[in-house]
Amino acid sequence: MPRPENLFTRDDWTADRALTCDVLVIGSGAGGAVVAAELAEGGLEVIVLEEGGYHPTEEFTTHATAMVRKLYRDGGATLAIGSPPIAFQEGRAVGGSTVINGGMSWRTPERILDRWWREDGVDGVRAKEMGRYFERVEKYISAKHQDPGTTSRDNELLREGAEKMSWKVIPNIRNQLHCAGTNNCAFGCPTGAKRSTLVTYIPRALAFGARLYADCRVERLLREGTRSVGAEGRVIQPNGKPGHRFTVRAKLVVSSAGAIHTPALLGRSGVKSPSGRIGQNLSLHPNVKVLAVFDENVEGWKGVHQAYQVREFQEEGYLFAAVNIPPSILSMATPFYGRELDEIMRDYNRTVIAGMLLEDSVTGRVRVLPGGRPQAFYDLSDFDAHRLVRGTSLLCELLFSAGARRIVLPFEGMADLRGPDDVRKLFERPVHKPGIEVMTVHMMGTCAMGGDPKRHVCDSYGKVYGHEGLYISDASLFPSPIGVNPMETIMALATRNAERILDQGAALKAA
Amino acid sequence: MILADFRLSRRARKTVAALARVVCPEDFDALGVEGAVIEEVELTLRSFPPLVRFALASAIWIFEWSALFYPASFMRPFSRLDPARGERHFRRWWSSGLLSIRQLAKTLKGMITMGYYEQAAVKACLEFHPDRWIADVARRRLEAFGEEIRRKEAEVIAPDPLVPASGLSKGTLARKKPHAAT
Ligand SMILES: Cc1cc2nc3c(=O)[nH]c(=O)nc-3n(C[C@H](O)[C@H](O)[C@H](O)COP(=O)(O)OP(=O)(O)OC[C@H]3O[C@@H](n4cnc5c(N)ncnc54)[C@H](O)[C@@H]3O)c2cc1C
Ligand code: SF4
């Protein structure tokens, strides 16, 4: 496949360069690609700078570890420091995390939008006002239920278990165009069925004249007083070292580098918020997984993962789903080695990997380390640790009712469960918090929007308080966790922010 | 892909190979995957941030030489221990009272087993054949929906400017500039 016009990679750089545009967008994931496409179509001259490489659909394979190295930031070795340490993952590629995500596409729950309006003073964010943004996003990313026959057996077992318990279980809405059920979403969709921004909003932005520069890491924003006037950085060489320098001057800058890197970029650039809360308010939907072994052949890799969500406990902040992962990644996460590992892995085709997502009740923060790298800090509260145990116990009940015969837990030192009667063992002694295996892929909230410059970093449309010419459009904007998968919320807010910028477009053009 | 120029030293490769014999299933030698697993570990380390890479490379070194201090090792480094003694040395780290040592043991084990289970021969033993599956369902997808998919993909770049409800910009900017896609 030829590389699209207007998309440049490190191979196109022969010297340092200076560029100019109306709007500079930093990052090409869920937030950045949407803003770029809407603004480019709206007639503004847009440049997108993306640190990651350009990897089209044809490059995606089932070699999971190679894909992680190619598409994940730092080979997936990113960790929030705290008790317990929380492994988190983000995409670093053209298309950002949407290239590696699971494709769940949910509108923000109404209760969350109401809370943002009521408690955070976010303007125009209630469900009836957001509806048309969601609709527009859903059209481009093709958010729909799966075609029949594309669901894997592990997901059917999850559904059957929930139904036996009389729990609410719903089919997931995913951004897919006749998804074939290859189950490779987390390593790049090899058919292009997953409508990540790589195959939707990026081509759209390019078609309307935006220019995208891959392999370009922004180091800091250019500022004149309190106005942002562009950014500077370095082209990343194949060995990760900085290469040519670039400067982009723009009338407006939109940071869409994600909830970890946007606050870091602002911090490196000396941007201060009147609220002092840049990088604060990090929430991350802590996630734990269990491994349930069944007698039947499950072959969870034959069909799409997370086809269903168990929503029975959504009000308490729990979601459950089945997520098959390839043997290599699974072996890394299991608490076994040698013969014991062999034993559990030989059951790979009879295993259901199920996870629970928790709407967290406390927040962490992102700090910039000397040298400019961001570091996340997050301490799970005792309350949330208890909720993780309770949620896990519910998930285990479901899996036993579906026919599981053995469940491996995410709690260090705790014996496997061999039947439903064992579930109560989870409560017999307190779970040692540092020994809970927590991970996440939903980092949010580190430059929260809201109506109060003393409490929030951005106004209701992503404009940074106390600064001119600087917007944010990514997961950092969330004033609180949302309890469901965040991509569609980020995209809808990005559409809304782009609309606001377009309202000032004529002035911007004339400036 | 962002990879550093990092390489495992000859000694570190020996440590990794010996550790693989402890943490991987018994067929590790029979399958002849040693070289490929070491390469996977090296590539994984290259993709990590410098500080993490340094910490793990140091952990491999310390793991190798800390074996000298156990009486039963007869002053041999880990890679020269017999399998039973090697396993015991690893178990000391795996079940250490110090969380950080346990975490290091888990991470080293994870990097190695990840490389092992990525090997085609190992996937075949598990009857895990994703490529065959993908080829099959991807073909069926195109047979059943090829026409619709092409149409929908074209729609992705069709003009449909965002017209704010406020009516302020009324899509006028969009009209000022010819669409690249039209
Ligand atoms: C494995 C995985 C599975 C997920 N599954 C789902 C799911 O099923 N449903 C869902 O709703 N959500 C899911 N998510 C979360 C969702 O994908 C993210 O919340 C969303 O993509 C975040 O959007 P964003 O714009 O904030 O950041 P991203 O999409 O991560 O994009 C940020 C981009 O900015 C770039 N960048 C960062 N710093 C710089 C810099 N200094 N210079 C230039 N570029 C920079 C990054 O390389 C990246 O490409 C998943 C995430 C992961 C990782
Ligand atoms: S299951 Fe396969 S075809 Fe479907 S979206 Fe995921 S990677 Fe693409």
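The values are calculated or read from the model by the stated rules, or taken from the named source; none is laboratory data. Treat the numbers as computed from the prediction; the structure is a model and nothing was measured. Ideal geometry is used to build each Cβ from the backbone, glycine not excepted, and the neighbour counts take in all protein chains shown.
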When segment A:363-394 is checked residue by residue, the ones that are of a type outside the set (A, V, I, L, M), within 24 Å of A:Gly317 (Cα to Cα) and not in a loop (DSSP other than H, G, I, E, B) are A:Gly364, A:Arg365, A:Phe377, A:Asp382, A:Phe383, A:Asp384, A:His386, A:Arg387, A:Arg390, A:Gly391, A:Thr392, A:Ser393
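Quick grid of which residues meet (1) out of contact with any Ser or Thr (no Cβ under 6 Å at 6 or more places or on another chain); (2) within 14 Å of chain B (Cβ to nearest Cβ); (3) touching a residue at least 12 places away in the same chain (Cβ under 8 Å):
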site: A:Arg211; (1), (2), (3): yes, yes, yes
site: A:Glu219; (1), (2), (3): yes, no, yes
site: A:Ser228; (1), (2), (3): yes, no, yes
site: A:Arg234; (1), (2), (3): yes, yes, yes
site: A:Lys241; (1), (2), (3): yes, yes, no
site: A:Ala259; (1), (2), (3): no, no, yes
site: A:Ala264; (1), (2), (3): yes, yes, yes
site: A:Gln280; (1), (2), (3): yes, no, yes
- Task: Please tell me if A:Thr197 is within 13 Å of ligand 2 (Cβ to nearest atom), crowded, with 19+ Cβ neighbours inside 10 Å and within 11 Å of another protein chain (Cβ to nearest Cβ).
- Result: no
For strands (runs of 3 or more DSSP E) lying entirely in segment A:74-191, having 1 or more residues that are within 13 Å of chain B (Cβ to nearest Cβ) and not hydroxyl-bearing (Ser, Thr, Tyr) picks out A:78-80, A:86-88, A:143-145, A:173-175
Looking across segment A:197-228 at residues that are touching a strand residue (DSSP E or B) at 6+ places or on another chain (Cβ under 7 Å) and basic (Lys, Arg), the single one that is nearest to A:Lys251 (Cα to Cα) is A:Arg227
| request: Evaluate the following for A:Gly42: is it at positive phi and surrounded by 24 or more Cβ atoms within 10 Å (Cβ to Cβ)? | output: no
The condition of being away from ligand 2 (no atom under 16 Å from the Cβ) and at pLDDT 95 or above holds, among A:Ile86, A:Ile100, only for A:Ile86
For segment A:375-384, state whether one or more residues are over 25 Å from the mean Cα position of the chain (by Cα), within 14 Å of chain B (Cβ to nearest Cβ) and surrounded by fewer than 19 Cβ atoms within 10 Å (Cβ to Cβ).
-> no
Restricted to segment A:155-192 and to residues being among the small types (Gly, Ala, Ser) and within 14 Å of ligand 1 (Cβ to nearest atom), the residue farthest from the chain's Cα centre (by Cα) is A:Gly188
Would you call A:Thr495 within 14 Å of chain B (Cβ to nearest Cβ) and closer than 30 Å to A:Val310 by Cα? yes
Apart from one, (1) within 14 Å of ligand 1 (Cβ to nearest atom); (2) touching a helix residue (DSSP H, G or I) at 6+ places or on another chain (Cβ under 7 Å); (3) on the phi < 0 side of the Ramachandran plot all hold for A:Asp215; the odd one out is (3)
**Message:** Taking the conditions exactly as written (over 21 Å from the mean Cα position of the chain (by Cα), within 16 Å of ligand 2 (Cβ to nearest atom) and small (Gly, Ala, Ser)), does A:Ser152 satisfy them or not?
**Reply:** yes
*asked:* Take B:Glu42 and tell me if it is over 18 Å from A:Ala66 (Cβ atoms) and modelled with pLDDT of 95 or more.
replied: no
If you go through B:Ser100, B:Ser166, the only one that is away from ligand 2 (no atom under 16 Å from the Cβ), touching a helix residue (DSSP H, G or I) at 6+ places or on another chain (Cβ under 7 Å) and at pLDDT below 95 is B:Ser166
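Okay, residues lined up against (1) of a type in the set (Ser, Thr, Tyr); (2) more than 7 Å from chain B (Cβ to nearest Cβ):
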site	(1), (2)
A:Gln314	no, yes
A:Phe320	no, yes
A:Asn324	no, yes
A:Met332	no, no
A:Tyr337	yes, no
A:Leu341	no, no
A:Leu357	no, yes
A:Asp360	no, yes
Segment A:285-330: strands (runs of 3 or more DSSP E) wholly inside it with 1 or more residues that are modelled with pLDDT of 95 or more, crowded, with 24+ Cβ neighbours inside 10 Å and within 15 Å of ligand 2 (Cβ to nearest atom) are A:318-322
Of the residues in segment B:134-152, those that are facing chain A (nearest Cβ under 8 Å) and within 26 Å of A:Ala37 (Cα to Cα) come to B:Glu148, B:Ile149, B:Lys152
Only unsatisfied item for A:Ser166, checking (1) surrounded by fewer than 16 Cβ atoms within 10 Å (Cβ to Cβ); (2) at negative phi, is (2)
Taking segment A:200-239 and the residues there that are closer than 17 Å to A:Thr9 by Cα and among the β-branched types (Val, Ile, Thr), the one that is nearest to ligand 2 (Cβ to nearest atom) would be A:Ile202
Condition first: part of a loop (DSSP other than H, G, I, E, B) and within 22 Å of A:Gly270 (Cα to Cα). Can you find one or more residues in segment A:395-406 that meet it? no
Has segment B:99-119 got at least one residue that is among the aromatic types (Phe, Trp, Tyr) and within 20 Å of the chain's Cα centre (by Cα)? yes
Output yes when any residue across segment B:73-91 is surrounded by fewer than 15 Cβ atoms within 10 Å (Cβ to Cβ), away from every other protein chain (no Cβ under 14 Å) and hydrophobic (A, V, I, L, M, F, W, C), and no when none is. yes
